[in-house]
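Engineer: Once you've had a glance at the structure underneath, I'll fire off some questions.
Values in this text are rule-based calculations from the coordinates and carry no lab data. The structure displayed is predicted, hence computed values, not measured ones.
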Amino acid sequence: MVGVCGLADQPAAADYAMTFLDPVTPFAVDNAYYAQLMSNRSLLQVDQEAATHAATAGYVAYYAANPDAFLQRFSEVMAKLGTVGVLEGDAGEVRTVCTKYNTS
């Protein structure tokens, strides 16, 4: 991560650093992310904890071992997400920098 985000004393560079959370198959919809969690190779500690937390470890193991089940559930969730209402007019905010709230 230091190679991507830089050092703590260089915060400006870290504001715009980007990397794939799934560096194995970054442009594919697959279960590689879960396999990486099972191999203790997550980029983010919070994601890695999903592999060991009692509430989520079973899901991680299941989707890591069952690519077809992952794709089925992913498609169901994406279809459901498509029904979420979109904010219109003044109800929301389009960020000028996606990692920061607009100041005015």
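Engineer: Stretch residue 30-residue 18 to full length: gain in nm at 0.36 nm per residue minus the Cα-Cα span? Working shown, then result.
Structural biologist: Details: separation 12, 0.36 × 12 = 4.32 nm, distance 2.05 nm.
My answer for the length gained is 2.3 nm.
Engineer: Using the Karplus equation 6.51 cos²θ - 1.76 cosθ + 1.60 (θ = phi - 60°), what ³J(HN,Hα) coupling, rounded to whole Hz, does each residue of the stretch 64-78 give in order, writing x for Gly and Pro?
Structural biologist: 5, 8, 10, x, 5, 5, 4, 4, 4, 5, 4, 5, 5, 5, 5
Engineer: Given 0.36 nm per residue, what is the gain on full extension from residue 46 to residue 87 after removing their alpha carbon distance, in nm?
Structural biologist: Numbers: separation 41, 0.36 × 41 = 14.76 nm, distance 2.91 nm.
Between residue 46 and residue 87, full extension yields 11.8 nm more.
Engineer: May I pose another question? Once all Cα-Cα distances of the stretch 52-104 are split into 5 Å bins that start at 0, what whole-number percent is in each one?
Structural biologist: So the P(r) values, bin by bin, are 4, 15, 13, 13, 13, 12, 15, 12, 4, 0.
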